[in-house]
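Okay, structure first, notes after.
Every number in this text was worked out from the coordinates using simple rules, so none of it is lab data. Not measured: the values here are computed from a predicted model. Please note: Cβ atoms are built from the backbone with ideal geometry, for glycine as well, and neighbour counts cover all protein chains shown.
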Ligand SMILES: [Zn+2]
Ligand SMILES: [Zn+2]
């Protein structure tokens, strides 16, 4: 029973990340779920986000200011607007062997990386901020 509830909650979190699509923050995911299922707590949403990220089912994108979540898990980089914090996907400029290369050079294991670009998005550019 507990297991089934956990699975249901994880499913809700997964769906919210996918529906919001545009790299939501944990708060945005929580707000989305809360609209439909008010009994689901913020702690539950946060726990499931971290769990899904650990399992590699979603990406935990570290951007300045907040962690954002992404249902796209193939290798890609992110471009963040320095004014409004909007996040878009961009191609990963790092070569496919970069993690292994870094591991080989240093003796580190379990090496991964993420790339975040910064810029001014079109909407903010028009607003002239
Ligand atoms: Zn912007
Ligand atoms: Zn992304």
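Some values worked out for this structure:
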read-out: Extreme residue, nearest to ligand 1 (Cβ to nearest atom), among residues of the stretch 51-74 that are without any contact (Cβ under 8 Å) to a residue 40 or more places away in the chain and assigned to a loop (DSSP other than H, G, I, E, B); value: 65
read-out: Checking residue 117 against (1) surrounded by 17 or more Cβ atoms within 10 Å (Cβ to Cβ); (2) within 16 Å of ligand 1 (Cβ to nearest atom); (3) in a strand (DSSP E or B), the condition it does not meet; value: (1)
read-out: Close pairs from the stretch 15-31: first surrounded by fewer than 19 Cβ atoms within 10 Å (Cβ to Cβ), partner assigned to a loop (DSSP other than H, G, I, E, B), Cβ under 7 Å, at least 6 apart; value: 18/71
read-out: Residues satisfying the stated conditions in the stretch 75-108, i.e. within 9 Å of ligand 2 (Cβ to nearest atom) and assigned to a loop (DSSP other than H, G, I, E, B); value: 76
read-out: Every residue from the stretch 34-50 that is part of a helix (DSSP H, G or I) and surrounded by fewer than 21 Cβ atoms within 10 Å (Cβ to Cβ); value: 34, 35, 36, 42, 43, 44, 46, 47, 50
read-out: Any chance residue 53 is surrounded by 11 or more Cβ atoms within 10 Å (Cβ to Cβ), within 15 Å of ligand 2 (Cβ to nearest atom) and within 30 Å of residue 6 (Cβ to Cβ); value: yes
